[in-house]
1. Residues in region 79-91 that are touching a helix residue (DSSP H, G or I) at 6+ places or on another chain (Cβ under 7 Å) and either over 16 Å from residue 313 (Cβ atoms) or assigned to a helix (DSSP H, G or I) (or both): how many?
2. With closer than 19 Å to residue 308 by Cβ, in contact with a strand residue (DSSP E or B) (Cβ under 6 Å, 6 or more places away or on another chain) and not in a helix (DSSP H, G or I) as the only criterion, which of 383, 348 stands out?
3. I'd like the residue in region 92-123 that is more than 16 Å from the ligand (Cβ to nearest atom), in contact with a helix residue (DSSP H, G or I) (Cβ under 6 Å, 6 or more places away or on another chain) and assigned to a helix (DSSP H, G or I) and, out of all such residues, is nearest to residue 388 (Cα to Cα).
4. Take region 351-365 and flag every residue that is more than 16 Å from residue 275 (Cβ to Cβ) and either in a helix (DSSP H, G or I) or out of contact with any helix residue (DSSP H, G or I) (no Cβ under 9 Å at 6 or more places or on another chain) (or both).
5. Restricting attention to region 200-234, which residues are over 17 Å from residue 144 (Cβ atoms) and not in a loop (DSSP other than H, G, I, E, B)?
6. Condition check: in contact with a helix residue (DSSP H, G or I) (Cβ under 9 Å, 6 or more places away or on another chain) and part of a helix (DSSP H, G or I). Does residue 416 satisfy that?
7. Consider region 292-321. How many of its residues are more than 18 Å from the chain's Cα centre (by Cα) and either within 16 Å of the ligand (Cβ to nearest atom) or part of a strand (DSSP E or B) (or both)?
8. Please enumerate the residues belonging to region 370-411 that are more than 26 Å from residue 246 (Cα to Cα), surrounded by fewer than 18 Cβ atoms within 10 Å (Cβ to Cβ) and touching a helix residue (DSSP H, G or I) at 6+ places or on another chain (Cβ under 6 Å).
Ligand code: GLC
């Protein structure tokens, strides 16, 4: 309702302005602020695209600078929402936030003319809360394993299928390289600091060992099981051996920094790391391969956590009409194609996966399509507004295991009681 009123007011003002100031086109232009990330090339790519849009439409767009951890970003927006702040008009929304912040975002469905039907239905469903489309899909993420093609060839190693195999290869190559004078070489890097990124990595480990999804779709707390405990113990055993101890302070960009510097055989990361590895300032340009994350144990499964970002318009924006226009432009097929080609952002529009221009630049979009299609969601739908607390309990339990403060069995047991307390009753 509030939006309709604002929109009416905007249309009226715009009409009056046009009548009175026919010659000054910019008189009705809006000054918009967008938050569009700070990991990898998020900032540069967004700056370029929004400047182009601004030049075309006569509006102004500035970028709101955000922390690079999804967890810190959410805390910042929660604070702004509490203050009903109009500081940011277009907001980049993590796939797991929608249930928790929907009250502060406008319903986009009256403005999209059904364009969301060209995006993956599962993401559109995720972004539809109480019948309202509160965010448009922008890009998808799924965890993948990056490896050094050149090093595997040099030591006649194969691409690992299981985590155990990965750890063995990592150890052999790391030892040989260090012996040859490459003292800073590591086996495997990932996201190990206590934040949302660790939840993503750890869900992949647990699920790859068939230890479930922390909380299942029906709300059951499933984490206290032997396979989950085993997965955490296996990963903890790598720290200090094939994984540097300071992984406990690594987010996406820190892990990528080590890998791009040529200092790790394997890395777990999202697809943006592909184009970053191929840049001219990367020491590993043309030396990188991408494959599915390994299976846990002989009977495990390949698992990738589903990630990704949406664009939404704040309910407190003073320029909702222009903000919607900018959001629609950035999420459009044309722009998603450019973002895929220029920075390997994975599109949310299935048609782009068979687009020859896209496949040429990011070949694994085609070969790993199955990984993206089967990616496992974090339990944000089942736990709704409590997801962030659930995730924090999970990443803390994982962190305790990785830093040697608890073993896997004790961690998942304690986590189960933490989750029961967070749930508080039968329903989430
Ligand atoms: C990526 C994913 C996002 C996830 C975050 C964790 O940005 O797209 O969904 O929450 O990483 O660090």
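1. Adding up the residues that qualify gives 1.
2. One residue alone meets the criteria, 348.
3. So, considering only residues that are more than 16 Å from the ligand (Cβ to nearest atom), in contact with a helix residue (DSSP H, G or I) (Cβ under 6 Å, 6 or more places away or on another chain) and assigned to a helix (DSSP H, G or I), the one nearest to residue 388 (Cα to Cα) is 104.
4. Within region 351-365, 351, 353, 354, 356 qualify.
5. Scanning region 200-234 gives 206, 215, 221, 226, 227, 228, 229, 230, 231, 232, 233, 234.
6. Answer is no for this residue.
7. Result for region 292-321: 3.
8. 384, 385, listed by residue number.
Read the figures in this text as sums done on the coordinates, not as results from a lab. Worth saying up front: this structure is predicted, and the values here are computed from it rather than measured. Neighbour counts run over all protein chains shown; Cβ positions are idealised from the backbone, glycine included.
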